[in-house]
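The structure appears right after this line, and notes come after that.
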Amino acid sequence: LGDPYLYQLSCKLLNSIKIISTVKMPIGIRTIELINLPDSIGTSFYFKLNNVPVFMKGANYIPSDVFFKQKSKVELLNDVTLYKNSHFNMLRIWGGGVYGDDDFYQSCDENGILVWQDFMFACAMYPGDIKFINNVKEEIKEQVIRLRNHPCLALWCGNNEINEAWHNWGWQKQFNYTKTDSTVIWNDYQKLFHSIIPKYINDFNKQTPYFNSSPFIGWGHAESLKQGDSHYWGVWWGMEPFDVYQKKVGRFMSEYGFQSLPNLSTFKTFCDSSQLNLNSLSVKAHQKHKTGFQTIQTYLDYSYKTPQNFQDYIYVSQLVQRDGMKKAIEAHRINKPRCMGTLFWQLNDCWPGSSWSAIDYFGQPKAVFYSLKKIFNTQLVSISDQQDYYKISCLSDSLKDFKVTLNLKILNFKSELIWQKSFSKELNNSHVNHTFISKNELPLFDSTSSYFKAEIVQNQKIMSSTNYFFSQPKKINFKKAEILIKKINSNTFQISANEFIKDLYLYDQNQNVI
């Protein structure tokens, strides 16, 4: 919403003779509220920053190393700056990892990125004996006092998925719990997350909202899309197609995701050349989902031809992940204000394996991360197929109102114009503007060698653009292009081609992404 102003607070403790102690700290001045109230749909879940409802864009953040090796202050600042430049405004610190160190939160303060902070409880029921509870009390007190003054802190969340797991994952049957067992376990849960933790929040940090468990309701229930936040795993775990993202939109999407393979340079850190294939023991050992590669292949088959070369397979797997996340994020954003947040799973990685991450363990971005700067951009234009017509949605998250021109074109892969139309639009923070183009008004064209282009333009500057393809990539008639790369200076290259190129991928001699 603007620059993240920080101020230097200086406190001195004095007696009549001298200064006894001095403390200096950077602070930010803002209000933050979680609006979680009944409404005409179900129960809202959105944040108001300085009394302004804000659509949250970001991701789930996990430990940067499986052995919890901490990054330096410079590394953390560079990471968070990278997220800011990709238009993130929130990170969720997942409850199955660790609390961040002070430099992480300071970097978020400086870059204006809000933090959803889980307490470190996830996917399990916890003891309720006095020794354990006393241990937890000390942990909660220590972390709340340590982090409460950071202006980035937007939410304390009691745990990740425990409420959902207890009610829907079948633990009672799996572990042969009696009715008495279940009553004791559930009472211990309620004591910890509905009584003890809220009390400490109220005592030490009552200005920061608290929410007891994420998600509010599990993704297998229709109510999960109407009430509170949602972890939607119908895609991937449920094997539903990516198109379902356009229908299954909740009030705040705090988890959803899809796997891809990391870049070849990452595989080479643990594989020799003989192991660089999907069937090798080394590659399989770095895939921790039981059916991970099969799931990737199922979705890949729908849209793409299966590459035989391992490096090409890595590339296409990343395109599949990118396609799914683009469809999800755009669906969440164009359903504002019904939906007011999208945090995908997951941003980073704790080891060099195939996973849901957008950036691999060695900091190599995948295709989806390169797309986020465009998908999370303050202004967004999106095209979706609605059977008889195309819906073009335009929105802006800025507090300013904009008068813009929406330019629509159908082009072939030689950049020859087939059809075009323009509209004047007014964009504001509270309203998504939709335009509908009937398929009957479009001329005949070859859908396998053409694409739909939409641009939001103001004063000849493109604020947002997108390309929509009429067929799945495996059915598109792409021509082999002649590519010319011209070095402008040490940091800049000019790339041109005689044919349209979709998803150009550049890497250096070590297979590091450029």
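Numbers for the structure displayed
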read-out: Mean separation of Cα contacts under 8 Å, 6 or more apart, over the residue count of the chain: relative contact order %; value: 12
read-out: Ile483/Asn309 FRET efficiency (R0 30 Å; Cβ-Cβ; nearest 0.05); value: 0.95
read-out: Lysine-lysine proximity count for the stretch 1-126, Cα under 23 Å, sequence distance 8 or more or distinct chains; value: 7
read-out: Between the stretch 428-477 and the stretch 336-373, the Cα center-to-center distance that results, in Å; value: 25
read-out: Cα-based shape type of the stretch 115-166, given that a ≥ b ≥ c are square roots of the gyration tensor eigenvalues and the cut on a/c is 1.5; value: oblate
read-out: Any cysteine of the chain lacking a neighbouring Cys Cβ under 4.7 Å - listed by number; value: Cys11, Cys123, Cys157, Cys271, Cys339, Cys350, Cys394
read-out: Local electrostatic count at Lys421 - Lys and Arg +1, Asp and Glu -1, tallied over other residues with Cβ under 11 Å; value: 0
read-out: Sorted largest first, extent of the chain alpha carbons per principal axis (Å); value: 79, 55, 53
read-out: FRET E, pair Glu416, Thr298, Förster distance 35 Å, beta-carbon r, rounded to 0.05; value: 0.45
read-out: Cα→Cβ-extended label distance, 7 Å offset, between Ala222 and Ile130, nm; value: 4.9
read-out: Share antiparallel - DSSP beta bridges, the chain, percent rounded to 5; value: 70
read-out: The stretch 380-414 and the stretch 196-251: distance between their alpha carbon centers, rounded to Å; value: 29
read-out: Tensor-based shape of the stretch 230-300 (alpha-carbon gyration tensor, a/c under 1.5 rounded, otherwise prolate or oblate); value: prolate
read-out: Pairwise label distance in nanometres, Ser398 with Thr180, each label 7 Å out on the Cα-Cβ vector; value: 6.7
read-out: Simple spin-label estimate for Asp385 and Leu37 in nanometres, 7 Å along Cα-Cβ; value: 4.2
read-out: Potential lengthening between Asp203 and Leu9 on full extension [0.36 nm per residue; Cα-Cα distance subtracted]; value: 67.6 nm
read-out: Residue-averaged [θ]222 nm for the chain, counting only DSSP H segments that reach four residues, each worth -39500 (n - 2.57); value: -7500 deg cm²/dmol
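Taken together, the values in this text are just the output of simple stated rules run on the coordinates, not laboratory data. Just so it is clear, the model here is predicted, and its values are computed rather than measured. Cβ atoms come from the backbone with ideal geometry, glycine included; neighbour counts cover every protein chain shown.
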